[in-house]
1. Inspect all residues belonging to the stretch 155-172 and state whether any of them is under 18 Å from D73 (Cα atoms), surrounded by 17 or more Cβ atoms within 10 Å (Cβ to Cβ) and within 16 Å of ligand 2 (Cβ to nearest atom).
2. Is it the case that the stretch 78-94 has a residue that's without any contact (Cβ under 8 Å) to a residue 60 or more places away in the chain, surrounded by fewer than 22 Cβ atoms within 10 Å (Cβ to Cβ), more than 21 Å from I210 (Cβ to Cβ) and of a type in the set (F, W, Y)?
3. Going by what's in this entry, would A196 be described as within 15 Å of ligand 2 (Cβ to nearest atom) and within 21 Å of P141 (Cβ to Cβ)?
4. Could you check the stretch 184-208 and list, in sequence order, the residues that are surrounded by fewer than 22 Cβ atoms within 10 Å (Cβ to Cβ) and either free of Cβ contacts under 8 Å to residues at least 60 places away in the same chain or under 21 Å from S86 (Cα atoms) (or both)?
5. Do any residues in the stretch 48-62 that are closer than 18 Å to A29 by Cα and among the polar types (S, T, N, Q) have Cβ atoms under 8 Å from those of residues that are open to solvent by less than 40 Å² (accessible area, probe 1.4 Å) and part of a helix (DSSP H, G or I), where the two are at least six apart or on different chains, and which pairs are they?
6. What number of residues in the stretch 1-39 are in a helix (DSSP H, G or I), more than 14 Å from the chain's Cα centre (by Cα) and of a type outside the set (D, E, K, R)?
7. Only one of (1) over 23 Å from Q146 (Cβ atoms); (2) among the polar types (S, T, N, Q); (3) touching a strand residue (DSSP E or B) at 6+ places or on another chain (Cβ under 9 Å) is not met by Q18, so which one is it?
8. Of the numbered conditions (1) within 13 Å of ligand 1 (Cβ to nearest atom); (2) touching a Lys or Arg at 6+ places or on another chain (Cβ under 6 Å), I45 satisfies every one except a single condition; which is it?
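The values are calculated or read from the model by the stated rules, or taken from the named source; none is laboratory data. Just so we're clear, the structure is a prediction, and the values are computed from it rather than from any experiment. Quick reminder, even Gly has a Cβ in these numbers, built from the backbone with ideal geometry, and neighbours come from all protein chains shown. Heavy atoms of the whole protein, side chains included, go into the accessibility calculation; ligands, DNA and RNA do not. Shrake-Rupley method; radii C 1.70, N 1.55, O 1.52, S 1.80 Å.
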Amino acid sequence: MNHLIAPSILAADFANLQRDIEMINNSEADWIHVDIMDGMFVPNISFGFPVVNAAKKHATKPLDVHLMIVDPDRYLKAFKDAGADSITVHQETCPHLHRTIQAIKQLGCKAAVAINPATPVSTLEDIVADLDMVLIMSVNPGFGGQHFIENTYKKIKELRTLSAEKNPGLLIEIDGGVDANNVTKLIEAGANVFVAGTSVFSSANQVAAISKLKHP
Ligand code: DX5
Ligand code: ZN
(Lines give C-alpha, C1' and ligand atoms only; values in the text may rest on other atoms or scores of the structure.)
(Ligands and ions follow the chains in the order given, each with its own letter.)
Protein backbone atom coordinates (compact mmCIF):
# COMPACT_ATOMS: atom_id res chain seq x y z
CA MET A 1 0.00 0.00 0.00
CA ASN A 2 0.96 3.63 -0.37
CA HIS A 3 2.21 5.16 2.84
CA LEU A 4 0.18 7.74 4.77
CA ILE A 5 1.25 11.12 6.16
CA ALA A 6 -0.17 12.47 9.41
CA PRO A 7 1.04 15.99 10.26
CA SER A 8 1.01 16.59 14.03
CA ILE A 9 -0.80 19.73 15.17
CA LEU A 10 1.36 19.73 18.30
CA ALA A 11 3.72 21.84 16.17
CA ALA A 12 0.93 24.06 14.77
CA ASP A 13 0.30 27.69 15.72
CA PHE A 14 -2.57 27.32 18.21
CA ALA A 15 -3.56 30.96 17.72
CA ASN A 16 -4.10 30.08 14.06
CA LEU A 17 -5.32 26.52 14.37
CA GLN A 18 -8.05 26.90 11.75
CA ARG A 19 -5.48 28.19 9.24
CA ASP A 20 -3.12 25.30 10.00
CA ILE A 21 -5.88 22.68 9.77
CA GLU A 22 -6.91 24.15 6.41
CA MET A 23 -3.31 23.93 5.24
CA ILE A 24 -3.42 20.19 6.06
CA ASN A 25 -6.83 19.88 4.31
CA ASN A 26 -5.33 21.40 1.19
CA SER A 27 -2.20 19.25 1.25
CA GLU A 28 -1.43 15.64 0.34
CA ALA A 29 -1.67 14.66 4.01
CA ASP A 30 -3.89 11.67 4.78
CA TRP A 31 -4.66 12.11 8.49
CA ILE A 32 -4.27 14.76 11.18
CA HIS A 33 -2.28 13.59 14.20
CA VAL A 34 -3.52 14.90 17.55
CA ASP A 35 -1.21 14.52 20.58
CA ILE A 36 -2.86 14.43 24.00
CA MET A 37 -0.42 14.76 26.94
CA ASP A 38 -1.44 14.76 30.59
CA GLY A 39 1.68 15.83 32.50
CA MET A 40 1.64 12.43 34.25
CA PHE A 41 2.52 9.70 31.76
CA VAL A 42 4.65 12.26 29.94
CA PRO A 43 6.25 15.37 31.44
CA ASN A 44 4.35 17.79 29.20
CA ILE A 45 0.72 18.94 28.94
CA SER A 46 -0.60 19.63 25.44
CA PHE A 47 -4.34 20.30 25.11
CA GLY A 48 -7.71 18.66 25.67
CA PHE A 49 -11.25 18.28 24.36
CA PRO A 50 -12.02 21.88 23.31
CA VAL A 51 -9.00 21.89 21.00
CA VAL A 52 -9.87 18.46 19.53
CA ASN A 53 -13.42 19.70 18.94
CA ALA A 54 -12.12 22.84 17.25
CA ALA A 55 -9.80 20.82 15.03
CA LYS A 56 -12.64 18.46 14.08
CA LYS A 57 -14.85 21.39 13.12
CA HIS A 58 -12.45 22.37 10.33
CA ALA A 59 -10.76 19.08 9.43
CA THR A 60 -11.70 17.25 6.23
CA LYS A 61 -9.33 14.38 7.07
CA PRO A 62 -9.49 11.76 9.84
CA LEU A 63 -8.22 12.70 13.32
CA ASP A 64 -5.56 10.27 14.53
CA VAL A 65 -5.64 10.77 18.30
CA HIS A 66 -2.54 9.69 20.25
CA LEU A 67 -3.26 9.43 23.98
CA MET A 68 -0.18 9.94 26.13
CA ILE A 69 -2.22 9.80 29.33
CA VAL A 70 -2.55 7.49 32.33
CA ASP A 71 -5.71 5.36 32.53
CA PRO A 72 -6.96 6.23 29.03
CA ASP A 73 -10.08 4.03 29.49
CA ARG A 74 -11.68 6.92 31.40
CA TYR A 75 -11.62 9.15 28.33
CA LEU A 76 -12.09 6.94 25.25
CA LYS A 77 -15.71 7.91 24.67
CA ALA A 78 -15.01 11.58 25.29
CA PHE A 79 -12.30 11.54 22.60
CA LYS A 80 -14.60 9.69 20.21
CA ASP A 81 -17.27 12.33 20.86
CA ALA A 82 -14.71 15.10 20.34
CA GLY A 83 -13.99 13.74 16.86
CA ALA A 84 -11.39 10.95 17.03
CA ASP A 85 -11.39 8.56 14.07
CA SER A 86 -8.56 6.44 15.39
CA ILE A 87 -7.41 6.18 19.01
CA THR A 88 -3.92 5.12 20.04
CA VAL A 89 -3.20 4.13 23.65
CA HIS A 90 0.21 3.37 25.11
CA GLN A 91 1.04 -0.19 26.04
CA GLU A 92 2.75 1.22 29.14
CA THR A 93 -0.49 2.79 30.43
CA CYS A 94 -2.88 -0.15 29.97
CA PRO A 95 -2.80 -3.09 32.40
CA HIS A 96 -5.84 -4.55 30.58
CA LEU A 97 -4.83 -3.74 27.05
CA HIS A 98 -7.13 -6.28 25.39
CA ARG A 99 -10.15 -4.78 27.15
CA THR A 100 -9.08 -1.25 26.21
CA ILE A 101 -8.69 -2.20 22.54
CA GLN A 102 -12.14 -3.82 22.46
CA ALA A 103 -13.60 -0.66 24.01
CA ILE A 104 -12.02 1.52 21.29
CA LYS A 105 -13.40 -0.77 18.58
CA GLN A 106 -16.88 -0.76 20.13
CA LEU A 107 -16.86 3.03 19.81
CA GLY A 108 -16.31 2.58 16.07
CA CYS A 109 -12.76 3.93 16.06
CA LYS A 110 -9.63 2.37 14.58
CA ALA A 111 -7.64 0.89 17.47
CA ALA A 112 -3.89 1.28 17.88
CA VAL A 113 -1.21 0.68 20.51
CA ALA A 114 1.92 2.79 20.92
CA ILE A 115 5.19 1.55 22.40
CA ASN A 116 7.93 3.73 23.87
CA PRO A 117 11.54 3.43 22.65
CA ALA A 118 12.42 1.08 25.55
CA THR A 119 9.35 -1.14 25.19
CA PRO A 120 10.06 -4.27 23.12
CA VAL A 121 7.92 -5.22 20.11
CA SER A 122 7.53 -8.67 21.68
CA THR A 123 5.17 -7.20 24.31
CA LEU A 124 2.57 -6.91 21.51
CA GLU A 125 2.68 -10.56 20.48
CA ASP A 126 -0.69 -11.42 22.03
CA ILE A 127 -2.55 -8.26 20.99
CA VAL A 128 -1.26 -7.56 17.49
CA ALA A 129 -4.00 -9.64 15.79
CA ASP A 130 -6.64 -7.36 17.34
CA LEU A 131 -5.09 -4.07 16.20
CA ASP A 132 -5.54 -1.82 13.21
CA MET A 133 -2.19 -0.16 13.85
CA VAL A 134 0.91 -0.11 16.05
CA LEU A 135 2.67 3.19 16.70
CA ILE A 136 6.41 2.81 17.30
CA MET A 137 7.69 5.88 19.14
CA SER A 138 10.93 7.01 17.57
CA VAL A 139 11.51 9.58 20.35
CA ASN A 140 10.54 9.53 24.01
CA PRO A 141 6.97 10.87 24.05
CA GLY A 142 6.26 14.30 25.46
CA PHE A 143 7.79 16.84 23.13
CA GLY A 144 8.07 17.68 19.47
CA GLY A 145 11.38 18.49 17.83
CA GLN A 146 13.49 15.68 19.32
CA HIS A 147 16.13 13.54 17.61
CA PHE A 148 15.05 10.35 15.87
CA ILE A 149 16.23 7.18 17.69
CA GLU A 150 18.04 4.83 15.24
CA ASN A 151 16.98 1.62 17.01
CA THR A 152 13.50 2.28 15.53
CA TYR A 153 14.49 0.56 12.24
CA LYS A 154 15.19 -2.69 14.06
CA LYS A 155 11.83 -2.50 15.83
CA ILE A 156 9.94 -1.91 12.57
CA LYS A 157 11.54 -5.03 11.06
CA GLU A 158 10.66 -7.10 14.14
CA LEU A 159 7.08 -5.85 14.02
CA ARG A 160 6.78 -6.63 10.29
CA THR A 161 7.91 -10.19 10.98
CA LEU A 162 5.33 -10.49 13.77
CA SER A 163 2.54 -8.95 11.68
CA ALA A 164 3.31 -11.16 8.66
CA GLU A 165 2.35 -14.10 10.83
CA LYS A 166 -0.51 -12.62 12.88
CA ASN A 167 -1.96 -9.59 11.08
CA PRO A 168 -0.66 -8.89 7.55
CA GLY A 169 -2.82 -5.76 7.13
CA LEU A 170 -1.38 -4.07 10.22
CA LEU A 171 -0.46 -0.41 9.82
CA ILE A 172 2.88 0.60 11.34
CA GLU A 173 3.08 4.26 12.34
CA ILE A 174 6.27 6.10 13.26
CA ASP A 175 6.15 9.16 15.50
CA GLY A 176 9.04 11.46 16.36
CA GLY A 177 11.79 13.06 14.35
CA VAL A 178 10.40 11.95 10.98
CA ASP A 179 11.62 14.06 8.07
CA ALA A 180 12.45 13.91 4.36
CA ASN A 181 15.87 12.41 5.19
CA ASN A 182 14.69 9.29 6.99
CA VAL A 183 11.25 8.57 5.51
CA THR A 184 12.55 6.41 2.65
CA LYS A 185 14.56 4.18 4.98
CA LEU A 186 11.53 3.90 7.28
CA ILE A 187 9.34 2.80 4.36
CA GLU A 188 11.97 0.24 3.34
CA ALA A 189 11.99 -1.14 6.89
CA GLY A 190 8.22 -1.72 6.66
CA ALA A 191 6.51 1.30 8.20
CA ASN A 192 3.59 2.90 6.37
CA VAL A 193 2.17 5.78 8.44
CA PHE A 194 4.33 8.80 9.28
CA VAL A 195 3.66 11.47 11.86
CA ALA A 196 5.52 14.71 11.25
CA GLY A 197 5.36 17.81 13.42
CA THR A 198 8.48 19.94 13.31
CA SER A 199 9.59 18.88 9.83
CA VAL A 200 6.27 20.11 8.41
CA PHE A 201 5.43 23.15 10.53
CA SER A 202 8.93 24.62 10.71
CA SER A 203 9.12 24.54 6.93
CA ALA A 204 8.67 27.72 4.89
CA ASN A 205 6.39 25.80 2.52
CA GLN A 206 4.38 23.40 4.67
CA VAL A 207 2.27 21.96 1.84
CA ALA A 208 5.45 21.20 -0.10
CA ALA A 209 7.05 19.62 2.98
CA ILE A 210 4.06 17.26 3.23
CA SER A 211 4.33 16.41 -0.49
CA LYS A 212 8.01 15.65 -0.02
CA LEU A 213 7.15 13.10 2.67
CA LYS A 214 4.41 11.65 0.46
CA HIS A 215 6.73 11.31 -2.56
CA PRO A 216 10.22 10.90 -1.08
C1 DX5 B 1 5.76 13.34 20.68
C2 DX5 B 1 4.49 13.31 19.88
C3 DX5 B 1 4.70 13.54 18.44
C4 DX5 B 1 5.24 14.88 18.04
C5 DX5 B 1 6.18 14.61 16.91
O6 DX5 B 1 5.51 12.91 21.97
O7 DX5 B 1 3.82 12.08 20.03
O8 DX5 B 1 3.51 13.26 17.68
O9 DX5 B 1 4.26 15.80 17.64
O10 DX5 B 1 6.87 15.78 16.67
P11 DX5 B 1 8.17 15.86 15.74
O12 DX5 B 1 7.74 15.46 14.36
O13 DX5 B 1 8.51 17.30 15.86
O14 DX5 B 1 9.19 14.95 16.32
ZN1 ZN C 1 2.11 11.58 18.58
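1. The answer is no, given that none of the residues of the stretch 155-172 is under 18 Å from D73 (Cα atoms), surrounded by 17 or more Cβ atoms within 10 Å (Cβ to Cβ) and within 16 Å of ligand 2 (Cβ to nearest atom).
2. There is no residue in the stretch 78-94 that is without any contact (Cβ under 8 Å) to a residue 60 or more places away in the chain, surrounded by fewer than 22 Cβ atoms within 10 Å (Cβ to Cβ), more than 21 Å from I210 (Cβ to Cβ) and of a type in the set (F, W, Y).
3. yes
4. T184, K185, E188, A189, G190, N192, S203, A204, N205, A208
5. From residues that are closer than 18 Å to A29 by Cα and among the polar types (S, T, N, Q), the pairs are T60/N25.
6. Residues that pass the stated criteria total 9.
7. For Q18, the failing item is (3).
8. Here I45 meets the rest and fails (2).
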